[in-house]
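Note sheet for the following structure.
The values are calculated or read from the model by the stated rules, or taken from the named source; none is laboratory data. On a predicted model such as this, the values are computed, not experimentally measured, just so you know. Cβ coordinates were reconstructed from backbone atoms using ideal geometry, including for glycine residues, and neighbour counts include every protein chain displayed. What goes into the accessible areas is simple: the full protein's heavy atoms, side chains included, and nothing from ligands, DNA or RNA. Shrake-Rupley method; radii C 1.70, N 1.55, O 1.52, S 1.80 Å.
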Amino acid sequence: MGVDVHGVFTPIEGRPLEWKISWSAGDANGRKGELAVTGADMALRIALEFDPAGDRLRWRVAEGHVNLGAWLVALAVHPEFSASLAGLTATGELKITGAGEWENGAPTGELSAEWRDGTVANASQGWAVDGVTLKAGGDARDIFEGTVPVELAVRTLVTSRFGARNLAVRMAVKDMARLEVKSTEIEIAGGRVTAEPFAVSLAAPALDVTLAMERVGLQDLVVFVPTTLSYANGRINGRVHLGWSQSDGLRVGEGELEIDKGEPTTLRLVSNPGFLTKKVPARFTYSPFNWDPLVRLFSSPNDSYETLSLIETGKLALRVDSLEAKLTPEGDGLGRSASVLIHARPEQDGSAVGTVIFQINVSGPLASVLRVGMKQSFSVKTR
């Protein structure tokens, strides 16, 4: 006798899904059946075949696809997901493939889901990713036991502040409760950023990761220090620790950065009159009398002052000999959460200033360190 059981359930309002379990009448050659869930913009049908001689159940994904963009729109109006999915759009189709057998209480074979050349964007937040390829799955027994390998690749990532490309992530979902990220690599500003292995709880997502930067272009990092630099060129290396949670947002941890000596580094300061000249006399005075005509008669211009004025107002760029940045979010011995020490020379040849050494010290949370006021100290070596 054959079996045919079916029904309808609606996990998301307005998108009912039909389900069916069917078996043919049995004979000496076995029985055939199907498990199916179908609806608008999705279908999953698994063909079954029972072999009584070998006491084996063969299975095969006969059809498997989900239109991610359509289902994302449907999920976004659901109260449980509306806050996190608001404004999010996606394109592309998730395809499900696989085949194997069921024996000794567990499946064998391969089962995978793949999303190729998709896009995800949020116009209101000003970011988009393109060329998304996601592959999840592999050995059916490992998946049955709670481990789902995942590989993610993204061709380009664009935000309102910076761009990146060639993101590659290898990870695994463990027991549907934890994401274990094994390797992460991305190209930013012509350089490479990698992450040490880390784990994320799916119940309460939060990041705690150390990033290593190799030859990252300074020109794309200027947007993160708008109170200090208007232009920079060159590359940096270093490490920085980052944390993130939905409740606390981004947290910048300890780190160290330095310029890459394989390429010239130049920078231009945001106009900040007095930054370098507030303790430097505009003229050298030789008169013992404090009378303006005599002061001007017995004085001469300080050429260093003019050069420093051009530097501090952003009109003259600096060639950087060394740049060292230290991030200490818990505060160092002087209470600083960040400190940047720069040795540089005016880009203009024949300048009266040989070397400018200045230090930028920051106090306060590093999550907002890039947009708060700063305390500076400097010294000048004339020629």
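General observations
- Cα-centre dipole for the chain with unit charges at Cβ (Lys and Arg positive, Asp and Glu negative), debye to 20: 1800
- Helix axis angle, 303-312 relative to the chain longest principal axis, alpha carbon, degrees: 20
- Taking the Cα centre of the stretch 156-202 as origin and assigning +1 to Lys and Arg Cβ atoms and -1 to Asp and Glu Cβ atoms, the resulting dipole is close to 80 debye.
- Dipole axis of the chain (+1 Lys, Arg; -1 Asp, Glu on Cβ), positive-most option in Pro273, Val216, Val3: Pro273
- Positive-end ranking of Ile96, Leu111, Ser124 along the dipole of the stretch 87-143, with charges on Cβ about the Cα centre, is headed by Ser124.
- C-alpha center-to-center spacing [the stretch 59-122, the stretch 11-32] in angstrom: 20
- Within the assembled protein chains, the solvent-accessible surface assigned to Leu17 is about 10 Å², based on a 1.4 Å probe.
- Qualifying trypsin sites (Lys or Arg not before Pro) for the stretch 215-268 [loop in DSSP, other Cβ within 10 Å: at most 14]: Lys261
- Going by accessible surface with a 1.4 Å probe and the largest first, Phe144, Phe162, Phe358 read Phe144, Phe162, Phe358.
- Within a straight-line Cα-Cα reach of under 28 Å, Lys326 can be paired with the following lysines, leaving aside sequence neighbours fewer than 8 residues apart in one chain: Lys182, Lys261, Lys278, Lys279, Lys315, Lys375, Lys381.
- Partners for Lys20 among lysines (Cα-Cα distance below 16 Å; same-chain residues under 8 apart left out): Lys32
- Modelled label positions at Asp130 and Leu341, each set 7 Å beyond Cα in the direction of Cβ, lie 4.4 nm from each other.
- Placing Lys279, Lys20 in order of accessible area, with the largest value first and a 1.4 Å probe, yields Lys279, Lys20.
- Fraction of antiparallel bridges per DSSP, the chain only, in percent to nearest 5: 100
- Candidates Gln359, Gln219, Gln246, ranked by Gaussian network fluctuation over the chain, Cα under 10 Å, top entry: Gln246
- Across the stretch 93-109, the residues whose backbone nitrogen lies under 11 Å from the label position 7 Å along the beta-carbon direction of Arg56 are 100-103, 108-109.
- One chain, two ends: Asn166 and Val73. Fully extended at 0.36 nm per residue, the span grows by 30.8 nm beyond their Cα-Cα distance.
- Segment Asn272-Glu34, extension gain: residue separation times 0.36 nm, minus the distance between their alpha carbons: 78.4 nm
- Based on the convex hull around the alpha carbon atoms, the chain presents an average projected area of 26.5 nm².
- Peptides 303-314, 32-43, 82-93 ordered by packing proxy, namely the average of other Cβ atoms within 10 Å per residue, highest first: 303-314, 32-43, 82-93.
- Which of Ser160, Ala62, Ile12, positive extreme of dipole for the chain (C-beta unit charges): Ser160
- Taking a point 7 Å out from the Cα of Ala86 in the direction of its Cβ, the residues of the stretch 117-152 whose backbone N falls within less than 13 Å of it are 124-125.
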